[in-house]
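What follows draws every value from the coordinates through simple rules; no lab data is involved. Bear in mind that the values here come from a model prediction, so they are computed numbers and not experimental data. As a convention, Cβ positions derive from the backbone with ideal geometry for all residues, glycine included, and neighbour counts pool all protein chains shown.
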């Protein structure tokens with residue numbers, strides 16, 4: 001376990017501060033690259049060509065990140081957090097350098113794949129390290145720090161992308177990652193000390209990893225590309241989903257008969273872990289649904305420019321860290337379940353307000369409902385994740401975190417696929433690829449109904465979380481199981 005524990009101070013001035021700062025820098029890499037390239041895609045295609053390949057700059061990154069997330073979470077339990085975190089930062093470093101020196105669109109896409117593989121390690125392992133070195137009382141505040149990185153990056157990322165593209169070179173969008181990678185890795189090497197894990201190291205289930213990665217890749221690829229690149233009922237779509245189902249079924253069958261599976265799906269049978277994972281999936285649907293279609297509504301229906309639409313959406317990423325950093329005070333008083341229920345109620349309130357939006361709605365009202373949803377998310381996503389981590393023993397905490405993060409990515413893909421199909425059915429595409437036409441407002445209203453329905457489901461699942469006493473019983477059972485395994489070893 002890490003040796004940096006026990007101090008009462010929380011934040012960047014504690015002795016764990018440099019570790020937290022390194023995690024924030026690593027998180028900034030992922031957060032910036034999720035938004036910074038969007039404003040530079042036109043300049044990149046003028047330089048490298050391959051306009052038809054631009055969507056793959058985004059989808060390959062997201063696919064590589066989502067698919068590798070649960071694998072990294074489990075490997076961090078086997079090999080240690082520090083090693084996997086350094087692997088993730090290293091892959092992001094190499095990918096950024098390759099992107100910066102890319103001589104063709106294919107080379108740039110290859111670099112984005114490496115960046116995605118690095119990001120897949122950074123997110124779950126960062127949250128796992130926070131869970132290791134901070135107490136339950138402290139984790140909400142420290143996760144608020146990490147959430148604030150996303151809030152800042154959502155505003156700074158597109159701005160930096162535009163500035164670099166117009167005044168310097170689009171290649172600096174990727175070169176800027178190099179010093180961040182070096183600083184994060186150096187601070188982690190110097191300040192984060194991890195003792196050897198007890199007992200014999202578990203073998204790695206490589207066959208299970210291949211089945212999980214292959215099935216997840218095809219599933220997410222089908223969700224992201226069907227309805228846009230090819231039709232839902234096309235042979236390509238049917239084939240991709242069919243092979244994905246076969247691979248995932250083989251993975252689940254193998255995980256039941258393998259002593260040490262790459263991802264132990266039985267952890268989802270624990271009520272707190274299963275509920276938290278479902279909540280994370282619904283969070284992914286709601287957040288990416290709003291992040292994708294609020295700007296389209298603000299521009300296509302209300303007639304505002306991308307800058308104003310972006311700032312309206314930024315209210316969501318502002319409310320999230322504000323409430324997340326204060327969630328600890330609430331769940332220490334009233335428990336995880338009631339805190340998550342309050343948060344989900346706030347989310348449902350915000351998404352219900354979206355049902356009132358029309359062609360003449362004020363942009364301030366759009367920003368306000370995004371802020372309300374963000375506040376609710378901070379009170380829902382953070383406590384449910386911390387509850388799941390707290391119910392797991394040290395040697396499975398990474399797997400629990402990785403599974404939670406993967407569920408959110410899967411929810412995001414499902415949300416984009418469902419909402420995209422709705423919009424495509426009611427609109428036409430403009431020359432720049434954005435939806436337009438008289439049916440746009442109708443499509444937006446149906447999208448908001450879907451998102452609000454998911455928020456209602458989120459509230460139901462939040463109330464299904466076990467009470468703190470039940471969660472404590474699950475934790476004691478997990479600890480007893482871990483003790484028995486070490487005795488057998």
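Quick notes on this one:
- Annotation for residue 156 and residue 446: the two label points, set 7 Å from Cα along the Cα-Cβ direction, are 4.0 nm apart.
- Acute angle (nearest 10 degrees) that the helix 54-79 long axis makes with the longest principal axis of the chain, alpha-carbon atoms: 10
- Between residue 104 and residue 236, the contour length at 0.36 nm per residue exceeds the Cα-Cα span by 44.8 nm.
- Dividing the mean sequence gap of close Cα pairs (under 8 Å, 6+ apart) by how many residues segment 205-261 holds gives a relative contact order of 49 percent.
- Angle between the chain longest axis and helix 81-100 axis [Cα atoms, degrees, rounded to 10]: 30
- When the Cα gyration tensor is reduced to axis lengths a ≥ b ≥ c, the ratio a/c is 1.5 or higher for segment 83-214, and with a/b not above b/c it is classed as oblate.
- FRET efficiency, 1/(1 + (r/R0)^6) with R0 45 Å, evaluated for residue 322 and residue 210 via beta carbons: 0.60
- Packing, as the average of other Cβ atoms within 10 Å across residues, places the peptides 353-364, 92-103 in the order 92-103, 353-364, highest first.
- Computed per residue of the chain from DSSP H runs no shorter than four, each worth -39500 (n - 2.57), the mean residue ellipticity at 222 nm is -26000 deg cm²/dmol.
- FRET efficiency estimate (nearest 0.05) - Cβ-Cβ, residue 360 to residue 178, R0 56 angstrom: 0.75
- Relative protection proxy for 164-176, 336-348, from highest mean packing down: 336-348, 164-176 (other beta-carbon atoms within 10 angstrom).
- Here the spin labels are modelled as points 7 Å beyond Cα on the Cα-Cβ line, and at residue 425 and residue 368 they lie 3.2 nm apart.
- Exposure proxy for 105, 85: other Cβ atoms within 10 Å of each Cβ, ordered fewest to most, give 105, 85.
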